[in-house]
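Visitor: Before anything else, here's the structure in question.
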């Protein structure tokens, strides 16, 4: 029996490659996404030919074709003023903070001590105000919720423990001011054993508000004899208390199958950092094999219905 396809790949994939950029680069992938001034805006991770990454804006009227890409990098690493960015900046997630009327961009800054979570604010995606590191290394895969909970901002992120056998899990943290973070709790654990998400998990796009809860798309990694495989799964969090995990999918819902996902700088990887909801339709922008950018489509109502019936091993739980 064929697996039910919740996400359908766009037939025009890959929608962006390094050759589409107006300047030389090695690869383009892992883009944050938003609707800005009626257009789709992608904040692309671009790896240059040194191996270091920066962020560049691309805009499109239909979100698939006709991309207008900034002629030069939009947000470059600035190790002179922010030494935590010495080896590049990567994997942006975009959240519009409704109370502040500003876009927040969480990204991975690659410091000499390892990757960490950094935060910048922008009103126009032309100028950015860096708030600097908000989580120490090793930590990445972070995104903000668009609203406060009990007067505090909340962020999902993925620290990595150096203690053997602990695993890498999704954590939830809170802040009164976007700079100082605490009340750290484990939100979703990497499973143990032979599961598709047994080795580590990490947030993919920012959490998406739905009538039934915050929909979370996360990546899980399983290490096999043929190398690591990155696949995607779903979870649902309570709207008022995101520490309450209402559901978590047993099965993965999207994984590398096409040649552009299986072969590249890092093969067998699908890695989304941004999605856009319009009505019931979701556009999911994902990096493929750390080499190019691709697009998949889904129905929000279909995802929610599917999740209700595929979370038998994940009863409602709270952060620990």
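Visitor: Select the strands (runs of 3 or more DSSP E) contained entirely in region 156-230, then report the ones holding at least 1 residues which are touching a residue at least 24 places away in the same chain (Cβ under 8 Å) and under 18 Å from residue 269 (Cα atoms).
Guide: Result: 200-203, 213-224.
Visitor: Determine the pairs where a residue that is buried (at least 18 other Cβ atoms within 10 Å of the Cβ), located within region 257-283, has a partner that is modelled with pLDDT under 95 and not in a strand (DSSP E or B) with Cβ atoms under 9 Å apart, the partner being 6 or more residues away or on another chain.
Guide: Going by the 9 Å Cβ cut-off, the qualifying pairs are 268/226.
Visitor: How many residues are more than 20 Å from residue 107 (Cα to Cα) and not in a loop (DSSP other than H, G, I, E, B) when one looks only at region 1-52?
Guide: Count: 7.
The values are calculated or read from the model by the stated rules, or taken from the named source; none is laboratory data. Treat the numbers as computed from the prediction; the structure is a model and nothing was measured. No Cβ is skipped: glycine too gets one built from the backbone with ideal geometry, and neighbour counts run over all protein chains shown.
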